[in-house]
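Here's the structure we're looking at; comments come further down.
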Amino acid sequence: MNLWLKKHLYHLAVPFLVRRARRNNLCFGVSYHRFESAPGADPKPGMAVTPELLRRQIGILRELGPFISIDDAISEPRPDGISFVLSFDDGYRDNLTVLLPILEEMQIPCTFYITSGLVSGELSALDHDRRAEFCPPVLTLQDLKILALHPFVTIGSHTHHHVRLSTLNAEELEAELRASRDWFQKKAELEVKHLAIPFGRRTDVNWPDLFHAAGRLGFISVASNCGGHNGKSSTRRPCHFHRSPAPNTEAPDVLTGWIMGLCNARELFRRTPCLKK
């Protein structure tokens, strides 16, 4: 599909998506990882954003509705109309040094999904960074504790080893989640209730096994990165929280359309899997 046609389709789709989201009080998750000093400075495409672009994207989305915390997003009542949840994955140090001042400046909450093995030092770097031969600084335990004390911040788990959970059997998957939860409890002195799966696609985990293990370990939400929206909150726990990775664009229609469903159009009307009682 050529670029002109893609932009035209976004332009046509956005008004419909916005009206639908307002009518149904939909919430949208928006995910990032780290920052770069200039566009293209980070060697891994899609991993980084400049601080200026993050501010612009937040400003575009905030014209449609407020940014709320993950706890507010999965609870009732939620704000009427459209709302957004901002999140950063993995645990890079610029989440503290660059992002936290932006959150304070713009007065918005954020969920940090932290790979506990990375902060503990058990992992020297994540595999995708090692393969790119680019390993930015990561949070230390003290950095994490500083973040956790901030009123705009919610800390969640991004597993312990950042493995593709679909490669694990049910017992191994639960052990991986437990290792992260226990590290947060014992070393960081934090109770984490929210989880984001590495890589984030539907095919990256066995969902029934994941919901079963996450529920047993006390997690109340599980975030994916497969796009889609979050409708009326379910009383079932854990619930599936849909997110979309933010595209590298300043175009309001493209950004809005992507976040509101065009990231993965198949997720627009797909039923959210929840743990059965």
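Going by the conditions given, is Ser75 in contact (Cβ under 8 Å) with a residue 60 or more places away in the chain and among the hydroxyl-bearing types (Ser, Thr, Tyr)? Here the answer is yes, as Ser75 does meet what is asked. Checking segment 205-215 against the condition returns no match, with no residue being touching a Ser or Thr at 6+ places or on another chain (Cβ under 9 Å), assigned to a strand (DSSP E or B) and within 17 Å of Ile155 (Cβ to Cβ). Checked against (1) of a type in the set (Val, Ile, Thr); (2) in a helix (DSSP H, G or I); (3) under 15 Å from Asp90 (Cβ atoms), Thr159 passes all but condition (2).
Residues in segment 179-204 that are part of a loop (DSSP other than H, G, I, E, B) and either over 24 Å from Gly227 (Cα atoms) or aliphatic (A, V, I, L, M) (or both): Lys187, Ala188, Glu189, Leu190, Glu191, Val192, Ile197.
The residue list Ala41, Ala13 contains one member that is in a loop (DSSP other than H, G, I, E, B), of a type in the set (Gly, Ala, Ser), farther than 23 Å from Glu105 by Cα and more than 15 Å from the chain's Cα centre (by Cα), which is Ala41. For segment 154-167, filtering for residues that are out of contact with any helix residue (DSSP H, G or I) (no Cβ under 6 Å at 6 or more places or on another chain), crowded, with 21+ Cβ neighbours inside 10 Å and farther than 19 Å from Ile108 by Cα leaves 2.
Residue selection: Phe16 fails the criterion of being at pLDDT 95 or above, surrounded by 12 or more Cβ atoms within 10 Å (Cβ to Cβ) and aromatic (Phe, Trp, Tyr).
Are any of the residues in segment 60-70 modelled with pLDDT of 95 or more and in contact with a helix residue (DSSP H, G or I) (Cβ under 6 Å, 6 or more places away or on another chain)?
Yes, because at least one residue in segment 60-70 is modelled with pLDDT of 95 or more and in contact with a helix residue (DSSP H, G or I) (Cβ under 6 Å, 6 or more places away or on another chain).
Out of Pro137, Pro151, I need the residue that is under 23 Å from Ser37 (Cα atoms), surrounded by fewer than 21 Cβ atoms within 10 Å (Cβ to Cβ) and either modelled with pLDDT under 95 or not hydrophobic (A, V, I, L, M, F, W, C) (or both). Which one? None of the others qualify; the one that does is Pro137.
Could you check segment 241-265 and list, in sequence order, the residues that are buried (at least 22 other Cβ atoms within 10 Å of the Cβ) and part of a strand (DSSP E or B)? Hits for segment 241-265 are Phe241, Arg243, Ser244.
Testing Arg78 on (1) touching a strand residue (DSSP E or B) at 6+ places or on another chain (Cβ under 8 Å); (2) within 16 Å of Pro245 (Cβ to Cβ); (3) modelled with pLDDT under 95, one condition comes back false. Which one is that? Among (1) touching a strand residue (DSSP E or B) at 6+ places or on another chain (Cβ under 8 Å); (2) within 16 Å of Pro245 (Cβ to Cβ); (3) modelled with pLDDT under 95, the lone unmet condition for Arg78 is (2). Within segment 44-56, the only residue that satisfies the criterion of being outside any helix (DSSP H, G or I), under 15 Å from Leu255 (Cα atoms) and of a type in the set (A, V, I, L, M, F, W, C) is Val49. Candidates Glu176, Glu171: the one that is crowded, with 19+ Cβ neighbours inside 10 Å, modelled with pLDDT of 95 or more, among the acidic types (Asp, Glu) and part of a helix (DSSP H, G or I) is Glu176. Checking each residue in segment 26-43 for being surrounded by fewer than 15 Cβ atoms within 10 Å (Cβ to Cβ) and touching a residue at least 24 places away in the same chain (Cβ under 8 Å) picks out Pro39, Pro43. For segment 16-36, a tally of residues being in contact with a strand residue (DSSP E or B) (Cβ under 7 Å, 6 or more places away or on another chain) and part of a helix (DSSP H, G or I) returns 0. Of the residues making up segment 228-239, not one is assigned to a strand (DSSP E or B), farther than 13 Å from Ser83 by Cα and in contact with a helix residue (DSSP H, G or I) (Cβ under 8 Å, 6 or more places away or on another chain).
The values are calculated or read from the model by the stated rules, or taken from the named source; none is laboratory data. Every value quoted in this text rests on a predicted model; they were computed, and no experiment measured them. Reconstructed Cβ throughout: ideal geometry from the backbone, glycine too, with neighbour counts over all protein chains shown.
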